[in-house]
Amino acid sequence: MPEHCVRIVNMMWSLRTASKRLAPRAWTVSSVRANTTIAETVYYRCNYHNKEALALISPREDVQWTYGQLWKQISSLAGGLKSMGFSQGDVIANDCQQHSVGTVLLQLAASHNGMKVMTVLNEGEFNALSRVVPVTGVVMENNASFLSNASFPIKASIADVQGKAPEGVTNRNLELAYYHSAEASTNREVYLNGVGMAGLLEIKAADTLCIATGMNKALGIGSAVSGFVRNAAVYIPDMANLDLGDSTLVITDEGGLDMVRGAASQGSKLRGGVVMKGGDDVLHATEDVVGVKLRILGSGSEAEIMRPLTDACKDTYYSFK
């Protein structure tokens, strides 16, 4: 073979082997490269960003997980749900506290499997919703739960649900949860809430995002997703004794605003945040918390509204249709 042909062949071989070395590593069983479900926002950070960055912090529950550790927890719980007998499309009744790691994990694991969560606060709400929502089984916060009396063949405490990680679904329009309601929210809705919040607050990877609102609602879990899509740390405080810790951003609601204000008055690193006031439009008005301006999500007249929350997705993220 002529010398110049040998050089060309060697060059092509070098390029081929380099591309294999530099390709993103398939870190776990999921083959999804895009943020197709809210679970895959965590998987994506592990494979294409920084899996060693802090992802989820809950001092009350002694949790401080990196993105890599969080994904392992999601994968194990997703595998456990499959092993229990839950299938894609099934509805899982759950009573995890709204400010807990459990409620975040279960929604992410269900999302990964294409399952749905039905959040309930008490036995009366469970009985009312289960008459209209086709519940398949129960995953309880613990064995002392009122759900332990529910007559379903598939039933377990969340701490006991573990298994081998399954392949994830990729349909972003799948229903995700019934949040204290017979009307389902989708992965797409929660994801858009997340990226909208991330754009509104200009969240960066160095931020710690305090979620001082319940996460058993679309805007609540969407607030956690807003941190995940930016590779930031999501901080779940003890709402009985609120401490902002090292939080640089806070998301709260009207019920938690005075507690946030009190905690911030003791000294904080806050640079901004959001107060939810019963709507999903970004208002021109702001809420002052010890000299820090928090954006308000609410409803109002055309003159009071700056824009819908999800408008922040435009020109920032790829189309999520």
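The values are calculated or read from the model by the stated rules, or taken from the named source; none is laboratory data. This one's a predicted model, so the numbers in the text were calculated from it and none came from an experiment. A quick note on method: Cβ atoms are made from the backbone with ideal geometry, for glycine too, and the neighbour counts reach across all protein chains shown. For the accessible areas, the whole protein counts, side chains as well, though only heavy atoms, and no ligand, DNA or RNA atoms are used. Shrake-Rupley method; radii C 1.70, N 1.55, O 1.52, S 1.80 Å.
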Per residue of the chain, what 222 nm ellipticity follows from adding -39500 (n - 2.57) for every DSSP H run with n ≥ 4, rounded to the nearest 500? -11000 deg cm²/dmol
Just for the chain, what percent of DSSP beta bridges are antiparallel, to the closest 5? 35
Would you give the gap between the C-alpha center of region 144-190 and the C-alpha center of region 239-311, rounded to a whole Å? 29
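Expressed as a whole percentage, what fraction of the accessible surface of the chain belongs to carbon and sulfur atoms when a 1.4 Å probe is rolled over the protein heavy atoms? Please report the intermediate quantities before stating the final value.
Values: 7010 of 14350 Å².
That fraction is 49 percent.
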Residue separation between E302 and F146 times 0.36 nm, minus their alpha-carbon distance, gives in nm 51.7 nm
If exposed means GluC sites (Glu not before Pro) lying in a DSSP loop and surrounded by at most 16 other beta carbons within 10 Å, then the longest stretch of the chain lacking such sites spans residues 53-166
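Indicate, rounded to the nearest 5 percent, the antiparallel portion of the DSSP beta bridges found entirely in region 181-282. Before the final figure, lay out the partial values.
Numbers: 0 of 12 bridges.
Bridges in region 181-282 are about 0 percent antiparallel.
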Note, I38: beta-carbon cut-off 15 Å, +1 each Lys/Arg, -1 each Asp/Glu, net +3
Which whole-number value in Å² is the accessible area per residue of the chain, probe 1.4 Å? 45
With the charge dipole of the chain built from beta-carbon charges (+1 for Lys and Arg, -1 for Asp and Glu) about the Cα centre, the Cα from I236, L54, F152 projecting farthest to the positive end belongs to L54
